[in-house]
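Colleague: Starting off with a structure, shown below.
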């Protein structure tokens, strides 16, 4: 594996062959689906079987029940082929029919395949680990179907979590892959729900995500306990501030609103005002725009005047670096001149000091212009 020659080599090895390390279990709604593949900052912990509840992939009967719930009718357990008939009408049923093709693994088969993947990077072994647990993704995603109607979207996100779990799975910890991957699958499913609940993202901080998934549940729990579900009581139970509770309650209660929606009903459609019309325009007025254009033209003229006074290396730095659309680097200039990068920087610094003095004399000390690039 790594030979210690650099961080990039270590990251490459991390991506290809997950090392023997403590199981990384994600916080359920804290996972970042766009994280780097070699990142190990995933809430590492010494989780044992008594911490990770046992989770098993869906059986054929459970898949039948899910297919029946999607179709609005209960399938007889003795007729699994009837669920395959649903595939003609329902893409999700077609997917579940495909999932049935992959057999479940025994504990020994799972361990051997995981070791083969971890030790030798056998992609075929990793593929079998993933496909044998696709049923588990369907089972977990179906738990959240009421909160997010598109089950196939949830399954797709859960599959990403499953692949992440296989990548990070350590067969030497004595935990079943289905048990461990259940955390990752659930994390990716919940993150997808959170990010797509509204057109505008509703939870961006850890406390907001906690409130999004637990606010109503905690409020109902307080009511059942005979406690007034005030913002203060909810905040105390969830370890957040009352202000955050109130803010999330407003976010979840308020529907999305379009800035292009008319403010009132009726009236001439051509003259109706929208919410967008009431927003303050931060752009400058016509006078500011004219003034800015005039200054740009003046600055351009002064730079052209200064450039005409330069020659040799200073002229090259000015045209190829300071005022160029795609400036060259000091390293490139040094190689062009046959000198070091530091020497090129010294030439640039001397010329920039002259340019700054020239502009201050021509435009005044109040004009501050950033000059020079690393």
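The values are calculated or read from the model by the stated rules, or taken from the named source; none is laboratory data. All figures in this text were calculated on a predicted structure; none of them were measured in a lab. With ideal geometry, Cβ positions are generated from the backbone for all residues, glycine too; neighbour counts draw on all protein chains shown.
Colleague: Restricting to region 320-334, what's the tally of residues that are out of contact with any helix residue (DSSP H, G or I) (no Cβ under 7 Å at 6 or more places or on another chain), over 23 Å from residue 300 (Cα atoms) and surrounded by fewer than 14 Cβ atoms within 10 Å (Cβ to Cβ)?
Modeller: Going through region 320-334 one residue at a time, the tally reaches 0.
Colleague: What pairs come up if the first residue lies in region 291-319 and is surrounded by 11 or more Cβ atoms within 10 Å (Cβ to Cβ), the second is outside any helix (DSSP H, G or I), and their beta carbons are under 6 Å apart, counting only those six or more places apart or on different chains?
Modeller: 318/310
Colleague: For region 86-105: of the residues being surrounded by 15 or more Cβ atoms within 10 Å (Cβ to Cβ) and at pLDDT below 70, which is farthest from residue 130 (Cα to Cα)?
Modeller: 86
Colleague: Report whether or not residue 226 is closer than 30 Å to residue 132 by Cβ and surrounded by fewer than 18 Cβ atoms within 10 Å (Cβ to Cβ).
Modeller: In short, no.
Colleague: Specify the residue that is surrounded by the most Cβ atoms within 10 Å (Cβ to Cβ); the eligible residues are those in region 335-350 that are more than 18 Å from residue 311 (Cβ to Cβ) and touching a helix residue (DSSP H, G or I) at 6+ places or on another chain (Cβ under 6 Å).
Modeller: By that ranking, first place goes to 345.
Colleague: Sticking with this structure for a sec: When you go through 210, 168 one by one, which is the residue that is touching a residue at least 40 places away in the same chain (Cβ under 8 Å) and touching a strand residue (DSSP E or B) at 6+ places or on another chain (Cβ under 8 Å)?
Modeller: Result of the check over 210, 168: 168.
Colleague: Here is a list: 188, 180. Which entry is at pLDDT 85 or above, buried (at least 19 other Cβ atoms within 10 Å of the Cβ), within 19 Å of the chain's Cα centre (by Cα) and more than 25 Å from residue 243 (Cα to Cα)?
Modeller: Result: 188 is the single residue among 188, 180 that is at pLDDT 85 or above, buried (at least 19 other Cβ atoms within 10 Å of the Cβ), within 19 Å of the chain's Cα centre (by Cα) and more than 25 Å from residue 243 (Cα to Cα).
Colleague: Can you find even one residue in region 125-142 that is crowded, with 19+ Cβ neighbours inside 10 Å and not in a helix (DSSP H, G or I)?
Modeller: There is at least one residue in region 125-142 that is crowded, with 19+ Cβ neighbours inside 10 Å and not in a helix (DSSP H, G or I).
Colleague: Do we find a residue being surrounded by 11 or more Cβ atoms within 10 Å (Cβ to Cβ), at pLDDT 75 or above and farther than 30 Å from residue 211 by Cα anywhere in region 238-260?
Modeller: Looking for residues that are surrounded by 11 or more Cβ atoms within 10 Å (Cβ to Cβ), at pLDDT 75 or above and farther than 30 Å from residue 211 by Cα, one finds none in region 238-260, hence no.
Colleague: Also: Which residues, counting only those in region 164-188, are out of contact with any helix residue (DSSP H, G or I) (no Cβ under 8 Å at 6 or more places or on another chain) and assigned to a loop (DSSP other than H, G, I, E, B)?
Modeller: 174, 175, listed by residue number.
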